[in-house]
1. For a distance above 18 Å, tell me the whole-number percent of Cα pairs in region 56-212 that qualify.
2. If you count only protein heavy atoms and use a 1.4 Å probe, how large is the accessible surface of Glu153, to the nearest 10 Å²?
3. Quote to one decimal, in nm, the extra length available between Ala79 and Cys166 on full extension: 0.36 nm per residue of separation minus the C-alpha distance between them.
4. Rounded to whole Hz and in sequence order, give me ³J(HN,Hα) for region 135-148 from the Karplus expression 6.51 cos²θ - 1.76 cosθ + 1.60, θ = phi - 60°, writing x for Gly and Pro.
5. Accessible area per residue for region 70-200 in Å², computed with a 1.4 Å probe and the full protein assembly in place, what is it?
6. Sorted by average packing, counted as other Cβ atoms within 10 angstrom per residue and highest first, what order do 180-190, 83-93, 154-164 take?
Amino acid sequence: MTKGGAATAGVAAVGLLLAGCNPGGEGVRSEGTAGTTPAPKGAVHTPSPTATARYKKVDAVKLLKDAPKVGPDVKRSLAKPCAADEYPVEVTYASLTGAKAPDVIVNVMTCADSVGIGAYVFRRHEGAPDGYDTVYINEQPSVYAGVNKGDLEVSKQTYATGDKVCCPSGEDVMSYRWADGRFKEHGRPYHTDYSKTTADGSPPDDGTGTEG
């Protein structure tokens, strides 16, 4: 969640994409985390950054609402905060495109389930109306985006028939690298199948007090 467009975080998922760190010290900065919201279960992690590049904090909600490429469904989800002035938006600042200023990775989630419904990368461009161009957009459900070793990494949790929102069957992950003015697929995508049982062999708790 963000206050006034600032960020907090987390992602669960459903069938409708990451915070990370460049160990090379390219300046990854994530604006907050939400302790009650689970992070993606797969290979996407958030190690502590070793350095923070200079960045200009953005009003992520306004940026999304004003961006022509952001879809109407996502804009409608930001029509009002989830509670008080808290919006379901997470912002990460990182160097992905080689621009002088850090790029802005924005993830949008649902209020009720914290399901990722939009993942975006904004690149600083003084000639753009709000000073940023939308250079990556993914509005498939359960999407979450971040940075891993200097590349954009996008994950999407997968669901089999009968899976609950809390308990996807797996996750697909794809990496992208900036080249020739756009993000291109880099390396091969990979898939992880999640275990459906806990350490004691029982089904995972879906948070409702019943086993699923």
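The values are calculated or read from the model by the stated rules, or taken from the named source; none is laboratory data. In this text, all values refer to a predicted model and were calculated from it rather than measured experimentally. Positions of Cβ are backbone-derived with ideal geometry, glycine not excepted, and every protein chain shown enters the neighbour counts. Heavy atoms of the whole protein, side chains included, go into the accessibility calculation; ligands, DNA and RNA do not. Shrake-Rupley method; radii C 1.70, N 1.55, O 1.52, S 1.80 Å.
1. Values: 7657 of 12246 pairs.
More than 18 Å apart: 63 percent of the Cα pairs in region 56-212.
2. Accessible area of Glu153: about 10 Å².
3. Roughly 28.8 nm would be gained on extension.
4. 9, 8, 8, 9, 10, 7, x, 6, 8, 8, 10, x, 10, 9
5. With the other protein chains kept in place, region 70-200 gives 47 Å² per residue.
6. Values: 180-190: 11.0, 83-93: 21.7, 154-164: 18.4.
Top to bottom by mean Cβ count within 10 Å: 83-93, 154-164, 180-190.
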